[in-house]
1. Using 0.36 nm times the number of residues separating Glu160 and Lys117, minus their current alpha carbon distance, what extension gain do you get?
2. Would you mind telling me the share, in percent, of accessible area of segment 231-344 contributed by carbon and sulfur at probe 1.4 angstrom?
3. Measuring from label point to label point, each 7 Å out along Cα→Cβ, what is the Glu207 to Leu146 span in nm?
4. For an R0 of 25 angstrom, estimate the FRET efficiency from the Cβ-Cβ distance between Asp263 and Phe234 and round to the nearest 0.05.
5. Counting only residues 5 or more places away or on other chains, whose amide H sits under 5 Å from the amide H of Thr257 once H atoms are built in the peptide plane?
6. Ratio of Rg to Rh for segment 243-344, alpha carbon only, Kirkwood?
7. Carbon-plus-sulfur fraction of the accessible area of segment 119-218, 1.4 Å probe, in percent?
8. With no solvent and one equal point scatterer per Cα, compute the Debye intensity ratio I(q)/I(0) for segment 105-244 at 0.19, 0.21 Å⁻¹ and report its log10, rounded to two decimals.
Amino acid sequence: MIIKTKESASWLIGSVAGVCTAVAMAAVGVTWWVVLIAAALVFVGVSLFALWMIVKYVAYKLRPIYSMVLSRDIHTGDIAEQLKDRKVDDVSADLSSWAEDNDREIARLKEAEKFRKQYLGNVAHELKTPIFNIQGYISTLLDGGLEDEVVNRKYLERAERSVERMINILGDLDTISRLDSDMNQMRAESFDMVALCKEIAEQTEIEASKRDITITVKGADSLPSRCWVSADKFYIGQVLENLIVNSIRYGKDGGTTKITCRDMLDKVLVEVEDDGIGIAKSDLPRLFERFYRTDKGRSREQGGTGLGLAIVKHIIENHGEKVSVRSELGKGSTFTFTLPKVQL
């Protein structure tokens, strides 16, 4: 027989006590109705006493577990009060649920710690390269290169580029930190997305002209357009700048970067498309990770920090939207994101 409740256990104990009492009294010749009354009284009394003892014992045993689960000291009487109207199976389910939640939290903390260590390692690695470069250039100049005008100018220019790279890395790290902070809130305002795309495209024209890359913006024949959105204009401008600069750095000489805004009923979809080198399928899942590069050497040569796409992902997700990419090696890449549309 399987006993699953405290009541069943107390009734069984009371029944055994009642039967034993009845047998003992019958053996000495006590009248049957007296035996019956005595057995009933013993059954009720022993059952109630057994139930009280079981609840007290279980509460005493559960006290340290509940104290750990609730993260506070709890009295045995409080647990006994909870157990009055509950089955042991319910308590077991509560504790199992707590254990599962605790396991998930431990797993999350371990993953966060692993990410923190990788992140710190990546930061150290990214800063180490320009610092060592600067150290090497200065040492060369101090060892005699300072007297040679050709050498000292060349090395000072290289040191300056390394300093600029460090400034860019620290600037992107500061942006990531502010985006991670709960104190940073997106300040939504209504603005014309097509107009913003044209503004950012004009700001990047000088860099594009160095590689003879043409930037086009589609979405409206004239301004204002119908593609008005509600978002943080400053940060969305940063998203566009990062994506357009990436398309220039990894585009082909004489190529094209196309920026398209599409009206999607309650959303505005923005695409930044290039016809550059493209991205391998194996790299796509990790493309938005911090410091992840598909071509480490070329990325550093182009001045990338490895944080641009991570910043893009942060900003778009902070708006409650998603950013995606489709790409093919040798044919180019297209980055897409959506923003909530303002109904005009």
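1. On the way: separation 43, 0.36 × 43 = 15.48 nm, distance 2.99 nm.
Value of the extension gain: 12.5 nm.
2. About 48 percent, which is the carbon plus sulfur part of the accessible surface.
3. Between Glu207 and Leu146, the simple spin-label model gives 3.5 nm.
4. Once rounded, the FRET efficiency stands at 0.60.
5. Here Thr214, Ile215, Thr216 satisfy the definition.
6. Across segment 243-344, the Cα-based Rg/Rh ratio is 0.98.
7. 52 percent
8. Listed by q, the Debye log ratios stand at -1.13, -1.21.
The values are calculated or read from the model by the stated rules, or taken from the named source; none is laboratory data. Here the structure is a predicted model, which is why all the values come from computation and not from measurement. No Cβ is skipped: glycine too gets one built from the backbone with ideal geometry, and neighbour counts run over all protein chains shown. We work out accessible area using only protein heavy atoms, side chains counted, and drop any ligands, DNA or RNA first. Shrake-Rupley method; radii C 1.70, N 1.55, O 1.52, S 1.80 Å.
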